[in-house]
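The values are calculated or read from the model by the stated rules, or taken from the named source; none is laboratory data. The structure displayed is predicted, hence computed values, not measured ones. Cβ coordinates were reconstructed from backbone atoms using ideal geometry, including for glycine residues, and neighbour counts include every protein chain displayed.
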Amino acid sequence: MDTEQNINWADVFFAIVNTEVFVWDVIDEALRNDANIALVRYVPLRHLATGPLRVQELASACGCKRSAMSRLVERMCNDGLVDKCAAESDRRGVVLHITDEGRKAEERARTAFDDRLASLFAGCPPEFAELCLRYSLLLTKRTDSCA
């Protein structure tokens, strides 16, 4: 794989996806065991803990489609983790707020999340994180331009 012509991009694709799934599963298991919450619910709560967001903004922050986030938000509202309120600037718009119960769940999960990430990446040099972030941004920009 020393030249671009010899790179098997399917292998690269599967390596990226398999790594993402592995990391997701490890973190999800830790959150379920230690904080009684699934990672799919923790991620939006972590974003909402910083302030209210519209559904589309939350979907973008979480890397998913608006329709999927709308369904998840409905379940989280029913569970008392999130509230929907009319937007002050546009009464037709909806803004999501984390509830007190949601904030408690986010705080419990944050410790498990941060601890598991720290142990998962223990021993990795800072350059590894920088490289991962740089290539993630590069791939995201290329994907955006292909859409």
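Computed quantities for the displayed model
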read-out	value
Leading residue by the ranking (farthest from residue 63 (Cα to Cα)) among those in segment 89-137 that are β-branched (Val, Ile, Thr) and not in a helix (DSSP H, G or I)	99
Filter result for residue 17 (surrounded by 11 or more Cβ atoms within 10 Å (Cβ to Cβ), in a helix (DSSP H, G or I) and either of a type in the set (Val, Ile, Thr) or touching a residue at least 60 places away in the same chain (Cβ under 8 Å) (or both))	no
In segment 62-93, residue nearest to the chain's Cα centre (by Cα) [restricted to those that are of a type in the set (A, V, I, L, M) and buried (at least 16 other Cβ atoms within 10 Å of the Cβ)]	69
So residue 119, is it under 22 Å from residue 27 (Cβ atoms) and either touching a Lys or Arg at 6+ places or on another chain (Cβ under 9 Å) or acidic (Asp, Glu) (or both)	no
Filtered residue count, segment 60-88, keeping only those that are of a type outside the set (D, E, K, R), in a loop (DSSP other than H, G, I, E, B) and farther than 17 Å from residue 49 by Cβ	3
Residue list for segment 50-59, restricted to those being surrounded by 15 or more Cβ atoms within 10 Å (Cβ to Cβ) and not in a helix (DSSP H, G or I)	52, 53, 54
Odd one out for residue 3 among (1) among the polar types (S, T, N, Q); (2) at pLDDT below 95; (3) farther than 28 Å from residue 135 by Cβ	(3)
Among residues of segment 94-133, those that are charged (D, E, K, R) and loosely packed, with under 11 Cβ neighbours inside 10 Å, counted	4
